[in-house]
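Worksheet: the structure to be examined is printed underneath.
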Protein chains: 2
Amino acid sequence: MAAASTDQVDFVNGGTRLFGIVGDPIAQVRSPEMVTWELRRRGLDAVLVPIHVFEAEFDAVLPALMRVANLDGLVFTIPFKRRACALAASLGAQARAVGAINALARGADGRWHGEIFDGLGCVEGLQRAGVAVRGARVMLVGLGGAGTAIAAAFAAERPASMRLFDLDAAHCGRVAAMVQAASPVTEVEVGPPVVDGVDLLVNATPVGMLDDPRLPIEAASLPSSLVVFDAIVKPEVTPLLAFAASQGCRAIGGREMMRGQIARIVDFLAATRRG
Amino acid sequence: MAAASTDQVDFVNGGTRLFGIVGDPIAQVRSPEMVTWELRRRGLDAVLVPIHVFEAEFDAVLPALMRVANLDGLVFTIPFKRRACALAASLGAQARAVGAINALARGADGRWHGEIFDGLGCVEGLQRAGVAVRGARVMLVGLGGAGTAIAAAFAAERPASMRLFDLDAAHCGRVAAMVQAASPVTEVEVGPPVVDGVDLLVNATPVGMLDDPRLPIEAASLPSSLVVFDAIVKPEVTPLLAFAASQGCRAIGGREMMRGQIARIVDFLAATRRG
């Protein structure tokens with residue numbers, strides 16, 4: 001009798017706990033490789049798999065998926081971050097401020113808790129790079145999903161000042177009010193994307209993504225004391241980051257935010273029940 | 001900027017196709033390691049994960065799960081092999097004969113097709129060991145789920161004769177009629193678990209499993225020309241197989257059936273659509 005012991009893989013078995021990332025489309029996501037790596041690095045027998053749910057099927061599929069007994073958590077990406085809030089029995093402070101979640105985990109009591117880590121990942125990535133948001137003078141450009149989450153996470157750090165810019169002036173005003181409410185000590189203003197009197201410039205717009213050669217700010221030069229963070233992941237060196245480096249500035253890319261976010265998401269997911 | 005390229009695993013990504021094994025309980029199953037190994041050996045970017053669905057949740061969860069767009073197929077184990085038939089738009093010949101499925105795959109037309117490979121895996125495992133069922137005189141002991149599937153798969157091979165034994169006499173009679181209808185050339189009889197005039201003895205009862213020291217047959221000795229197959233996977237050498245070997249018989253264990261079944265299931269699953 002030949003043993004079957006070599007005809008098998010070592011990364012999944014009957015006892016493996018499941019996590020998923022839900023999106024539409026799904027093929028472009030990086031969480032399966034990165035979150036699974038981090039779960040395993042922590043010694044957990046777990047895997048995060050891609051789960052492609054068509055937008056029109058979301059309400060029919062998700063509540064049933066959440067009844068799978070060895071599924072301990074879900075990550076949400078485009079276009080589900082807002083809708084996914086309705087699946088959570090409770091929301092974290094960031095999720096309440098932003099109105100969206102990107103992670104949902106089953107607690108010890110069996111109830112599902114939601115939170116968003118886009119902004120917290122940015123703070124974590126900056127911290128890992130030795131850059132503190134607390135007490136800094138910040139210019140944040142772009143208040144879409146990621147930018148709004150960054151604003152909420154930055155507010156929790158109590159920066160000295162925060163200038164916000166977005167093409168949607170009404171939304172910009174709402175985010176400014178949210179930041180001010182969360183951090184009364186911060187000087188909050190809405191204004192153009194310039195860098196005078198700023199320590200930390202954050203780009204959360206898609207300007208500079210892929211082959212876009214534009215800059216998201218209006219500036220002919222940058223003070224070398226400025227730290228420039230760009231949330232874009234591809235390319236790794238955006239036109240803004242290249243410009244910042246040419247001006248002697250510290251330049252930090254979207255991968256640091258992604259790594260910070262992965263770490264925070266795994267903290268959140270790994271705290272779920274083992275049933 | 002540190003590259004994130006090392007902080008990732010290489011066995012799952014956003015484009016990975018999903019398969020699952022559904023059961024209650026689930027931790028004991030071996031398909032995740034074995035089917036995933038075979039899928040990857042064939043060059044497919046795919047993984048089979050354990051999916052624990054409580055018995056009472058089956059009807060609520062499965063139809064929704066089947067709407068996940070990158071899920072191409074499911075394997076079913078205890079206690080769902082019979083109920084899962086209702087999920088299939090069409091059933092294979094073995095599934096119709098047995099009234100159960102253990103695999104469900106999405107076809108190119110988006111419809112789900114079900115089949116059972118328990119018996120086909122046994123035939124495949126015997127073939128790999130150089131043992132033909134066609135023309136053989138068979139004694140099959142035990143007609144539970146696996147035994148009934150083995151009876152159906154053996155019938156398709158047209159053995160010379162087939163003697164069946166099960167403690168449930170009424171079920172035994174129904175299986176005998178099914179075998180006779182599928183293979184009119186086979187001499188079918190219901191009778192005690194003895195080995196006179198038999199070329200191939202198959203045990204599909206749980207007798208001899210784990211620490212059970214009993215034999216599933218009534219025999220003080222065995223002819224050395226007899227081939228003995230035991231469907232039990234643990235232990236690898238059952239009391240029956242040890243006895244067979246001591247009598248100079250060819251002894252083949254459940255792992256060969258499992259390997260044959262994995263191969264046939266992956267043939268079936270890998271033919272599904274890539275959406």
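The values are calculated or read from the model by the stated rules, or taken from the named source; none is laboratory data. Note that the structure is predicted; figures quoted are calculated from it, not measured. Virtual Cβ from ideal backbone geometry, glycine too; neighbours counted across all protein chains shown.
Residues being without any contact (Cβ under 8 Å) to a residue 24 or more places away in the chain, part of a loop (DSSP other than H, G, I, E, B) and more than 7 Å from chain B (Cβ to nearest Cβ) are entirely absent from region A:45-53. Test A:G135 against the stated conditions and say whether it is within 16 Å of A:V202 (Cβ to Cβ) and assigned to a loop (DSSP other than H, G, I, E, B). Judged against the criteria, A:G135 is a match. The conditions of being closer than 24 Å to A:P79 by Cα and touching a Phe, Trp or Tyr at 6+ places or on another chain (Cβ under 7 Å) are met by A:V141.
Tell me, which residue of region B:159-190 that is of a type in the set (A, V, I, L, M) and in contact with a Phe, Trp or Tyr (Cβ under 8 Å, 6 or more places away or on another chain) is surrounded by the most Cβ atoms within 10 Å (Cβ to Cβ)? Among those residues, the one meeting the criterion is B:M162.
Residues checked against (1) among the charged types (D, E, K, R); (2) over 23 Å from B:I262 (Cβ atoms); (3) in contact with a Ser or Thr (Cβ under 7 Å, 6 or more places away or on another chain); (4) at pLDDT below 95:
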position	(1), (2), (3), (4)
B:A151	no, no, no, no
B:A181	no, yes, no, no
B:V194	no, yes, no, yes
B:P213	no, yes, no, yes
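Within region B:71-112, being of a type in the set (V, I, T) and assigned to a loop (DSSP other than H, G, I, E, B) holds for B:T77, B:I78, B:I101. So is B:R67 without any contact (Cβ under 8 Å) to a residue 12 or more places away in the chain and under 16 Å from the mean Cα position of the chain (by Cα) or not? It is false that B:R67 is without any contact (Cβ under 8 Å) to a residue 12 or more places away in the chain and under 16 Å from the mean Cα position of the chain (by Cα). I'd like to know if region A:63-75 contains one or more residues that are aliphatic (A, V, I, L, M), farther than 20 Å from B:A46 by Cβ and facing chain B (nearest Cβ under 7 Å). Checked against the condition, which is being aliphatic (A, V, I, L, M), farther than 20 Å from B:A46 by Cβ and facing chain B (nearest Cβ under 7 Å), region A:63-75 yields at least one hit. Among residues of region A:220-246 being buried (at least 17 other Cβ atoms within 10 Å of the Cβ) and in a loop (DSSP other than H, G, I, E, B), the one that is nearest to the chain's Cα centre (by Cα) is A:A231.
Regarding region A:113-132, can at least one residue be identified that is outside any helix (DSSP H, G or I), of a type outside the set (G, A, S) and buried (at least 24 other Cβ atoms within 10 Å of the Cβ)? Yes, because at least one residue in region A:113-132 is outside any helix (DSSP H, G or I), of a type outside the set (G, A, S) and buried (at least 24 other Cβ atoms within 10 Å of the Cβ). I want to confirm something. Restricting to region B:63-86 and keeping residues that are within 23 Å of B:T16 (Cβ to Cβ) and aliphatic (A, V, I, L, M), which single residue is surrounded by the fewest Cβ atoms within 10 Å (Cβ to Cβ)? That would be B:M66. For region A:195-219, the set of residues classified as part of a strand (DSSP E or B) and either free of Cβ contacts under 8 Å to residues at least 60 places away in the same chain or acidic (D, E) (or both) is empty.
Contact map, region A:253-265: residues that are within 9 Å of chain B (Cβ to nearest Cβ) and buried (at least 21 other Cβ atoms within 10 Å of the Cβ) paired with residues that are among the basic types (K, R) and assigned to a helix (DSSP H, G or I), Cβ distance under 8 Å, separation 6+ or inter-chain. Pairs shown: A:E256/A:R128. Only one entry in B:A27, B:A60 is within 14 Å of chain A (Cβ to nearest Cβ), out of contact with any strand residue (DSSP E or B) (no Cβ under 8 Å at 6 or more places or on another chain) and surrounded by fewer than 20 Cβ atoms within 10 Å (Cβ to Cβ), namely B:A60. Scanning region B:94-101 for residues that are closer than 30 Å to A:K234 by Cβ, among the β-branched types (V, I, T) and either buried (at least 23 other Cβ atoms within 10 Å of the Cβ) or within 7 Å of another protein chain (Cβ to nearest Cβ) (or both) turns up nothing.
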